[in-house]
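We did not get these values from a lab; they are worked out from the coordinates using the rules stated. Just so it is clear, the model here is predicted, and its values are computed rather than measured. Glycine gets a Cβ as well: all are built from the backbone with ideal geometry, and neighbour counts include every protein chain shown.
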Amino acid sequence: MIPFGPLRILLTFGACAHESILSSPRLEAQATFSGKAYDGEASGRAILAAFRQGQSYNPAVKVPLASTPLTIQLLGSSVGSDGLPRAQKTWNVTTSDDGSFTLDAGLGAWPETSLLVATCELGGTRRYSPFLKPSAQPVDVHLYPTSDNPASILANVKVAYDIDNTGGTKSLRVRVGVHLINQGAEMYIGRRTSGRWREVWRLPLPQGAKVIANTGPVPGLPAWKPSEDGRSMVLDAPLPGFCDFELQRSAWELQYLIPARQTLVQAYALPVPVDEQKFTLWCVHDEMSCESPQLEKKDSRAFPDPFSGEDRNLDVAFSSEPLRAGTDLQVILRVDNVAIGQAVSVNALKWVGGFVLVCILGILLGLALGPRGPSSDVLLEGLSGEEVLDRIAQLDARFAAGKIKERDYRKLREPLIELAAEELSQPSAAGPAGDGALALNAAARDILRRLDDMDRAGVPDASQIAQRALLLEALAKSLPREHPRKE
């Protein structure tokens, strides 16, 4: 039985892709596995220290595991009653003084899809190797302690959207590549979650998605597993330390199809920090648009497809600032109707909508320039003096707020001023008939004089309009009460 712990992650990752060696053909030649074992943690720190001092890579600084017992296990597909995978075969070897070892597997031949994992105890800590392919040549085996601290992980994520027309049915294709580099001295195994898997990374999986490609750096192994709720794909693959940099060159890729739709909204969780321009979105130019509040920079031109390398006219969005860990990157994809097989293009609708708008504006303009109703004199005829002043004040306020053009402002204000002058020059009903006395007291005449001075000064600014409104209000209060207008 495989003990519960980090090794479960290693075995679970490989178990689903391999057949039991019991069904493999046995040949006369013996299957062997040889190499040299190193302390991955100490070796990684030594290499990094040399790099910081400007030295090139030198394998001589690595720390061999001398005279150390190793356990080497062959991964298979057998699973125990507790759901944990079982190793199909286990061997024990001890390294020499320089860390070398040779394993005689006792098999006719290695199964074609064989993967091995080596473990050892060192300083009271269990150490693990990455997945190892049996080779006829000696290999370097680095054994690391495990860690769930992502501080040493670098991420480069690319997401591409386009249309798939396989089988005559148009679907939205989503391709995601997550390239993770562990520049630390420990093996990163992800963080424990509420699910059965530890999580190195998680990708959203829209409803109705059909996965069509699931690949990683280790050939033949499906990298991503569906979450228990089916809403995400989870990466739980352990990331070996810096000594196995060559194994970190490839990305974990996932491709899936979803039924065609006009809008797709997704949230990409960022479990580790992402440096600037390390998260990029791609979509087909004109057929769709893609935006994110965290990705400000955009470009549209002929690009090599980020996955196939084919030259295509693409839109790309990327960040000019690093993205913090623990945040979600929001993505909104909008797809044109024609691209997904609908009859009318959204772009065409914009043109039609613009044409209809022009027609409506033409009709409104015709109404405005056509036969007019009663003249402004007729409309204003029934207003009292106070109502005329109110109209002037309202007109001034609209002009100050920029809601009316200067030309229209002057055109509408002139008849109001004339009407106000006419109203304010009427004799008082309370005065002696025919004495010609004006119905204005000294205060009202002073306000009118100030208003006239302001009108002569030209186009008023905001402060002058506010002052004029106060003067009009004061003038209205100084007027005598209503009297009938002369016919």
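Take every Cα pair under 8 Å whose residues are at least 6 apart in sequence, average their separation, divide by the length of the stretch 216-329, and the relative contact order is 26 percent.
If you sort the three axes of the alpha carbon gyration tensor as a ≥ b ≥ c, you get a/c of 1.5 or more for the stretch 192-278 and a/b above b/c, which makes it prolate. Taking the centroid of alpha carbons for each part, the stretch 280-311 and the stretch 159-193 are 16 Å apart.
When Tyr144, Tyr409 are arranged by Cβ crowding within 10 Å, least crowded first, meaning fewest neighbours, the order is Tyr409, Tyr144. Of all lysines in the structure, those lying under 28 Å Cα to Cα from Lys36, and not within fewer than 8 positions of it along the same chain, are Lys62, Lys89, Lys133.
So which lysines pass the test for Lys170, namely a Cα distance under 22 Å, with those fewer than 8 places away in the same chain ruled out? Partners within reach: Lys210. According to the square roots a ≥ b ≥ c of the eigenvalues of the Cα gyration tensor, what is the shape class of the stretch 66-201, taking rounded for a/c under 1.5, prolate for a/b larger than b/c otherwise, and oblate for the remainder? It is prolate, given that a/c is not under 1.5 and a/b is the larger ratio. Lysines near Lys278 by alpha-carbon distance under 25 Å, same-chain residues fewer than 8 away left out - which ones? Within reach: Lys158, Lys225, Lys297, Lys298. Among Glu186, Glu112, Glu228, sorting on how many other beta-carbon atoms sit within 10 Å of each Cβ, with the fewest leading, yields Glu112, Glu228, Glu186.
In terms of surrounding Cβ atoms within a 10 Å radius of their Cβ, Arg198, Arg231 rank from fewest to most as Arg231, Arg198.
Scanning residues 5 or more positions from Asp305 or on other chains, those with amide H under 5 Å from its amide H are Glu310, Asp311, Arg312, with H placed 1.01 Å from N in the peptide plane. Oblate is the label for the stretch 103-163. Its Cα gyration tensor axes, ordered a ≥ b ≥ c, give a/c of at least 1.5 and b/c at or above a/b.
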